[in-house]
1. How high is the relative contact order of the chain? Use alpha-carbon pairs under 8 Å, at least six apart in sequence, and give a whole percent.
2. For a quick check: with amide H placed at 1.01 Å from N, whose amide H comes under 5 Å from M246's, ignoring anything fewer than 5 positions away on the same chain?
3. When only DSSP loop residues count, what trypsin sites (Lys or Arg not before Pro) in the stretch 44-125 have their Cβ near at most 13 other Cβ atoms within 10 Å?
4. List the residues whose amide H sits under 5 Å from the amide H of I81, counting only those 5 or more places along or on another chain, with H placed 1.01 Å from N in the peptide plane.
5. Identify which of H216, H172, H16 has the largest mean-square fluctuation in a Gaussian network model of the chain, with springs joining Cα atoms closer than 10 Å.
6. Please report how far the C-alpha centroid of the stretch 144-199 lies from that of the stretch 73-139, rounded to the nearest whole angstrom.
7. Pick from D208, D168, D219: which is most flexible by mean-square fluctuation in a GNM of the chain where alpha carbon atoms under 10 Å apart are linked?
8. Semi-axes of the equivalent ellipsoid of the chain: what are they in whole Å, largest first, if each equals the square root of 5 times a C-alpha gyration tensor eigenvalue?
Amino acid sequence: MSLQQELGALAVDIAHEAGALARRRREEGVSIAASKSALADIVTEADREVENLIRERIAAARPGDGFLGEESAAERGTTGITWVVDPIDGTVNYAYGIPSYAVSIAAVSGEPDPREWQALAGVIHAPALGELFHVVRGEGAWLGGQRLKVNAEVNPAGSLLATGFGYDPATHAAQLEMLGRVMPLARDIRRIGAASLDLAYVAAGRLDGYFERGLHPWDHAAGVLLVEEAGGVAAGVPGSAPTREMTIVGSAELVARLSAIVFAGAAGNKATTP
Ligand code: IPD
């Protein structure tokens, strides 16, 4: 078994356990533990508990690896591998009882920075939807046993696009303005509320494309690899991989068209970090 296969298998095992815990806690009732960057940016007790579980399992299996998670302190490892983890992506859905939330786990090599790392394996597991997307670099993107493929055709009716909005109300006007510019490309827009699922759904051809600014590395680490292994393209600001400033995914043609629109008004501050 190659290193990335081993990492992928470990990620899937841990995601099953973490997803079961998240789902159980949801059934028992969710309590908000705190607000983070903005009042709307919440963390539940379950987010913390699930991240602790994932962290413990990784440390037990691969003690020298680094860790970059949404809810706990980052730690550099000694092996060159870092685990990038969102224990419950779609926390607001989770808190409201909407089943579109997911455990997202990726193993990356190199610097723990999305502009520099190479993602090796990942998993996105939506336990309340009974779906587990998994990917190993060079071996394709999968939903269970079904191989995934990004939609390559640009539909004359327009593209089914997803996006998201930052928690900080100060970012909303610029994001809505950008959405207005993108609308002519869209047959419709989805706001699913979990970036990892937006990305997995692009990989699965359930969405044609997705764009959002303000994402953290743990929101997109596993999902971007899924999209790429499903034949799609992931971009950030021109010339860069996806970062907090921008994430755009879809077929190569759609990403080029979206990037042209998103960055057309960027002479001011439209596409810069909130
Ligand atoms: C959020 C979700 C949401 C996206 C936000 C993310 P969280 O992650 O993925 O869809 O729009 O940018 O921060 O806070 O639920 O883990």
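1. The normalised contact order for the chain reaches 16 percent.
2. G214, V237
3. R76, R115
4. Residues meeting the amide H criterion: G66.
5. Judging by the Gaussian network model, the answer is H172.
6. Using only Cα atoms to place each centre, the spacing works out to 20 Å.
7. Largest GNM mean-square fluctuation: D168.
8. 27, 21, 18
Read-outs: derived from the displayed coordinates by stated rules, not from any lab. Computed from a predicted structure; not experimentally measured. Methodologically, a virtual Cβ is constructed for each residue, glycine included, from the backbone with ideal geometry; neighbour enumeration extends over all protein chains shown.
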